[in-house]
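Engineer: This is the structure I have questions about; it appears just below.
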Amino acid sequence: MKTLIVITGPTAVGKTVLTIDLARHFGTDIINADSRQIYRELKIGTAAPTDEQLQQVHHHFVGTKSIHDYYNASMYEQEVLECLKVLPSEINILSGGSMMYIDAVCHGIDDIPTIREDIREDIKRRYREEGLEALCEDLRRLDPEHYAVVDRQNQRRVIHALEICYQTGKTYTSFRKKEQNKQQDSRPFRMVKIGLNRERQELYDRINARVDQMMTDGLLQEAEALYPYRQLNALNTVGYKEMFDYMDGRWSLDEAVERMKGNTRRYARKQLTWFKRDPLVRWFHPDQQDAIMEYINKSLYVTN
């Protein structure tokens, strides 16, 4: 049976360097699990692998879609499963921080019911009349577990979760597969899950430094080119949203950069909350490469 090594953790923790080292060691490709690095137009603001890094190891699902393409976690799941079928290596690596995308590949996504039009229109009306904060409060009451991890500034995700709650009388969380061992048995590969983390201040310093580097590398210019398409879902993303607000005159550039840092730190906390719910993830500091390799090698010889 093939093995899928999953490398995950919060943004800016140091997944890329470790993943490339592991891929070179095992002689395998990297399957990207960052939902925004998939879009070819979003390079600087998503910290996509550099040309040099892409030359070191073949990456899948980096720059393969356009922001104008409709894409979601379910489509990603199917494409990755097909990709894994044809990759010749017995050991493959999935790496990224997009929570739903990783869960989709590892555990699958339950079928979500079609939402009745009256429910959809009623929630849209409430959004127009009461605002996003009121809908978030509803989600907190109906599904506190999902409320804790959802991007509460992303109205599409909040509205979608509420639609499920109202349509079914169940939580949105209940539609995610959560019995980890049972889920793993349903995949044609076994998984070794590695979580990367750092001390909070160390992680925050890296996030702040990354944002500064993005600005130096030309994030503002990248966002300016994308400004005409700012309503697209792919651009409802930390980094681009703050730059668009600056261009709209809401904030100064310095304020936009500081908000970008704060929103990225907030997103990193949500990622950690999400991934730490999975008991199969073994956590390491990114510098513990010897310990990580030892854990992977031991796991490879564990029979199911």
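The values are calculated or read from the model by the stated rules, or taken from the named source; none is laboratory data. Bear in mind the structure is a predicted one, so any value in this text is a computation, not a measurement. Don't worry about glycine lacking a Cβ; one is built from the backbone with ideal geometry, like all the others, and counts go over all protein chains shown. Heavy atoms of the whole protein, side chains included, go into the accessibility calculation; ligands, DNA and RNA do not. Shrake-Rupley method; radii C 1.70, N 1.55, O 1.52, S 1.80 Å.
Engineer: Tell me, what is the FRET efficiency for GLN55 and ARG266 to the nearest 0.05, using R0 = 25 angstrom and their Cβ-Cβ distance as r? Each step should come with its number before you reach the end.
Structural biologist: Values: r = 34 Å, r/R0 = 1.35.
For R0 = 25 Å, the calculated efficiency reads 0.15.
Engineer: Could you work out the Kirkwood radius for the range 8-81, taking every pair of different alpha carbons, averaging 1/r and inverting it, reported in Å? Write down the numbers at each step before the final one.
Structural biologist: Working: mean 1/r = 0.0770 Å⁻¹.
This gives a value of 13.0 Å.
Engineer: Let me ask something else about it. Using all alpha carbons of the range 1-145, what is the percent of pairwise distances in each 5 Å bin, ordered from the shortest bin to the longest?
Structural biologist: Spelled out bin by bin, the range 1-145 gives 2, 8, 15, 17, 17, 13, 10, 7, 6, 4, 1, 0 percent.
Engineer: Let me ask something additional. Quote the relative contact order of the chain in percent (integer), defining contacts as alpha-carbon pairs under 8 Å separated by 6+ residues. List each step's numbers first, then the result.
Structural biologist: Details: 393 pairs, mean separation 81.0, N = 304.
27 percent.
Engineer: Counting only heavy atoms of the protein chains, get the accessible area per residue of the chain (1.4 Å probe) and round it to a whole Å² value.
Structural biologist: Ligands and nucleic acids excluded, the result is 50 Å² per residue.
Engineer: Ok, one more. Under a plain spin-label model, where a point goes 7 Å from the Cα along Cα-to-Cβ, how far apart in nm are LYS298 and THR273?
Structural biologist: Distance between the two pseudo-spin positions: 3.2 nm.
Engineer: If a helix is a whole DSSP H run, which ones in the chain reach 18 Å or further along their own axis (Cα) and hold a mean Kyte-Doolittle hydropathy of at least -1.0? Please list the in-between numbers first.
Structural biologist: Working: long enough: 73-86 (20 Å, 0.16); 117-130 (19 Å, -2.51); 155-168 (20 Å, -0.24); 200-217 (25 Å, -1.22); 253-275 (33 Å, -1.18).
What comes out of the filter, once short or polar helices are dropped, is 73-86, 155-168.
Engineer: Label-point separation (nm) for ARG116 and THR64, each offset 7 Å from Cα along Cα-to-Cβ?
Structural biologist: With each label point 7 Å from Cα toward Cβ, the separation is 3.9 nm.
Engineer: How high is the relative contact order of the range 1-107? Use alpha-carbon pairs under 8 Å, at least six apart in sequence, and give a whole percent.
Structural biologist: Details: 147 pairs, mean separation 47.5, N = 107.
About 44 percent, as a whole number.
Engineer: When the helices in the chain are scored as -39500 (n - 2.57) per DSSP H run of 4 or longer and the sum is shared across all residues, what 222 nm value do you end up with, to the nearest 500 deg cm²/dmol?
Structural biologist: Values: 14 runs with 159 residues, N = 304.
Rounded to the nearest 500, it is -16000 deg cm²/dmol.
Engineer: Given that just one value was derived from the coordinates, which of (1) 31, 26, 18; (2) 31, 22, 17; (3) 41, 20, 17 is semi-axes √(5λ) of the Cα gyration tensor in Å?
Structural biologist: Entry (1).
Engineer: Taking the full set of protein chains and a 1.4 angstrom probe, give the accessible area of HIS68 in square angstrom, rounded to the nearest 10.
Structural biologist: In the full protein context, HIS68 sits at about 110 Å².
Engineer: Which three extents, in angstrom, do the Cα atoms of the range 205-304 have along their principal axes, listed largest first?
Structural biologist: If we take the Cα atoms of the range 205-304, the spans are 57, 26, 22 Å.
Engineer: Looking at this model, which pairs from LYS85/LYS170; LYS65/LYS193; LYS193/LYS298; LYS65/LYS241 are more than 23 angstrom apart at the alpha-carbon? Don't skip to the end; give the middle numbers.
Structural biologist: Numbers: LYS85/LYS170 35 Å; LYS65/LYS193 27 Å; LYS193/LYS298 13 Å; LYS65/LYS241 20 Å.
Pairs exceeding the cut-off: LYS85/LYS170; LYS65/LYS193.
Engineer: Let me ask something else. What percent do you get for the relative contact order of the range 229-304 when only Cα pairs under 8 Å and 6+ apart count?
Structural biologist: Values: 22 pairs, mean separation 12.8, N = 76.
Result for the range 229-304 is 17 percent.
Engineer: How big is the dipole moment of the chain about its Cα centre under a simple scheme where the beta carbon of each Lys and Arg is +1, that of each Asp and Glu is -1, and everything else is neutral? Debye, nearest 20, please. Walk me through the intermediate numbers first.
Structural biologist: Values: 44 positive and 46 negative charges, 158 e Å.
It comes to approximately 760 debye.
Engineer: Does the range 86-215 classify as rounded, prolate or oblate by the C-alpha gyration tensor (a ≥ b ≥ c root eigenvalues; a/c under 1.5 gives rounded; else a/b over b/c gives prolate, otherwise oblate)? The partial results should precede the final answer.
Structural biologist: Working: a/c = 2.42, a/b = 1.29, b/c = 1.87.
The shape class here is oblate.
Engineer: Let me ask something additional. What distance in nm separates the two pseudo spin-label positions at ASN233 and ASP248, each 7 Å out from Cα along the beta-carbon direction?
Structural biologist: 2.0
Engineer: How much accessible surface does GLU137 have with a 1.4 Å probe, in Å² rounded to 10?
Structural biologist: 90
Engineer: Next up: Cα to Cα, under 14 Å, and not fewer than 8 places away if on the same chain: which aspartates and glutamates meet these conditions relative to LYS2?
Structural biologist: Counting by Cα, and skipping residues close in sequence, LYS2 has these aspartates and glutamates nearby: ASP29, GLU82, GLU90, ASP185.
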